[in-house]
Amino acid sequence: EMLLVAGSGLTLRRLTPPDHDAVRPRLSPDGRRVAYVRRLPTSGPESGGKDEIWVLDLATGSTTRRVGVDDVGPHAGGTTSWSLHDLAWSPSGDRLAFTWYDGEGWARILLSDSGRPLVPLAVPEGRDPWEKGDSYLYSATQFVWDRGGGTGVLVAWDDACGSLYRIAVPPPGGEESSKPVPVPLPEGCRPLLVETPGWWVYRTRDDDFSQRLGIVDAHGSVAESRVFRTDAPVFARWGASPGPGRPPLAVWSTDSDLGVETISVWKRDGLVEWHRESCHNHCPEPALVTDDALYLFQPGADGGPLSIVESPGAAPKRLVPSGVTALRADASGRAFLVARVDESGISGLWSMKGEPASPPPDGKEGRSPSQPDGSTPP
């Protein structure tokens with residue numbers, strides 16, 4: 001097991017095998033497993049790359065392939081390469097939904113039940129006014145389970161540039177689901193949907209170029225909304241919180257003319273500006289927000305540093321020097337999982353622990369400490 005000494009007394013311990021190019025992790029609802037995408041290397045100039053989904057057991061360290069190339073192939077429509085995104089565990093933790101992309105703009109949501117063939121979720125249909133009204137299928141992404149697990153909500157990329165649809169999920173071993181039903185929301189462009197069961201986010205643009213960001217509850221009702229008076233796109237990312245109700249939300253936008261990025265934290269008691277930074281092309285983004293802190297990282301294929309902002313207006317403190325592409329937390333917001341690209345260019349999943357650690361002899365990497373039973377803690 002490899003150990004990396006980071007800032008502020010943190011240690012990172014690699015969890016995935018060194019030959020697994022592991023990205024896009026999702027913790028299971030009970031925090032005991034992690035589903036992740038393993039990117040397979042290209043096997044030739046014409047075949048392209050293919051993604052699989054693996055599951056890591058945090059207690060034992062064992063990894064199991066959940067969705068392989070042969071599982072995805074029948075749904076690929078002859079496509080020789082694809083990528084898998086938006087992994088979403090069911091509330092019970094036994095089912096897994098994800099988005100399949102063909103790399104040319106088409107996406108579909110597939111459902112994995114362990115030991116069974118993949119089941120596609122139905123895609124909303126549209127009609128092309130220029131082709132005699134012929135129907136066609138929308139591209140669909142970002143499925144989020146409802147709390148009960150029998151239904152969920154997805155984004156269909158329709159003429160409104162992204163709308164929410166609720167869909168009934170077929171039982172394990174069932175056929176393709178019934179057709180999705182639109183979720184009634186204010187008119188406008190609303191492509192924001194993020195992975196917190198029971199809550200969704202939409203965005204609309206007003207005539208004065210301001211934008212409204214709204215939070216939708218499990219019943220499809222607008223629970224809260226805020227106006228952002230900026231012409232720059234407003235983005236949002238859910239966080240983690242042990243308390244009841246919705247978790248906090250990180251909201252940010254970048255004014256490209258002024259070169260200023262503003263990041264706010266939207267908790268249950270209101271919206272507070274948390275961090276403002278002068279930047280232009282390579283601005284940091286929220287990796288995660290908890291009840292206690294905001295975590296920032298530099299987006300990009302090779303990742304960037306991870307920092308923490310512990311209070312509104314505080315200076316960021318560097319935690320991990322480079323390579324971070326994602327940060328996840330369990331429901332409590334206290335157990336952290338990092339996706340990080342190492343010096344060889346391979347992405348792995350690492351646990352981030354807050355206990356101070358003694359540096360190994362070379363000051364960088366070494367063996368991870370073991371528990372009395374010989375296992376290593378997540």
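The values are calculated or read from the model by the stated rules, or taken from the named source; none is laboratory data. Bear in mind that the values here come from a model prediction, so they are computed numbers and not experimental data. In this analysis, Cβ positions are derived from the backbone assuming ideal geometry, glycine residues included, and neighbour counts consider all displayed protein chains. Note: areas computed on protein heavy atoms with side chains; ligands, DNA, RNA excluded. Shrake-Rupley method; radii C 1.70, N 1.55, O 1.52, S 1.80 Å.
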Which listed residue, of ALA329, ALA315, is over 14 Å from GLY300 (Cβ atoms) and out of contact with any Phe, Trp or Tyr (no Cβ under 9 Å at 6 or more places or on another chain): ALA315
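Being surrounded by 21 or more Cβ atoms within 10 Å (Cβ to Cβ) and not aliphatic (A, V, I, L, M): is that true of SER307 here? Please lay out each step first, then the result.
Details: surrounded by 21 or more Cβ atoms within 10 Å (Cβ to Cβ): yes; not aliphatic (A, V, I, L, M): yes.
Against the criterion (surrounded by 21 or more Cβ atoms within 10 Å (Cβ to Cβ) and not aliphatic (A, V, I, L, M)), SER307 qualifies.
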Filter result for GLY239 (over 20 Å from VAL324 (Cβ atoms) and in contact (Cβ under 8 Å) with a residue 12 or more places away in the chain): no
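Select, from THR80, THR63, the only residue that is without any contact (Cβ under 8 Å) to a residue 40 or more places away in the chain, surrounded by 15 or more Cβ atoms within 10 Å (Cβ to Cβ) and of a type in the set (S, T, N, Q). Step through it out loud before you land on a result.
Details: THR63 fails: without any contact (Cβ under 8 Å) to a residue 40 or more places away in the chain.
Testing whether each residue is without any contact (Cβ under 8 Å) to a residue 40 or more places away in the chain, surrounded by 15 or more Cβ atoms within 10 Å (Cβ to Cβ) and of a type in the set (S, T, N, Q) leaves just THR80.
Please find, among ARG127, ARG166, the residue that is at pLDDT below 85, of a type in the set (Lys, Arg), in contact with a Ser or Thr (Cβ under 9 Å, 6 or more places away or on another chain) and open to solvent by 20 Å² or more (accessible area, probe 1.4 Å).
Working: ARG166 fails: at pLDDT below 85.
That would be ARG127, the only listed residue that is at pLDDT below 85, of a type in the set (Lys, Arg), in contact with a Ser or Thr (Cβ under 9 Å, 6 or more places away or on another chain) and open to solvent by 20 Å² or more (accessible area, probe 1.4 Å).
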Of all residues making up the stretch 276-304, the number that are within 18 Å of the chain's Cα centre (by Cα) and under 20 Å from GLY259 (Cβ atoms): 9
Those residues of the stretch 110-125 which are closer than 24 Å to LEU27 by Cβ, hydrophobic (A, V, I, L, M, F, W, C) and touching an Asp or Glu at 6+ places or on another chain (Cβ under 8 Å), in sequence order: LEU118, VAL119, LEU121
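Those residues that are small (Gly, Ala, Ser) and in contact with a Lys or Arg (Cβ under 6 Å, 6 or more places away or on another chain), I need them from the stretch 244-295; list them, please.
Matches in the stretch 244-295: GLY245, ALA250.
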Boolean, ASP291 is within 29 Å of ASP146 (Cβ to Cβ) and either in contact with a strand residue (DSSP E or B) (Cβ under 9 Å, 6 or more places away or on another chain) or open to solvent by 30 Å² or more (accessible area, probe 1.4 Å) (or both): yes
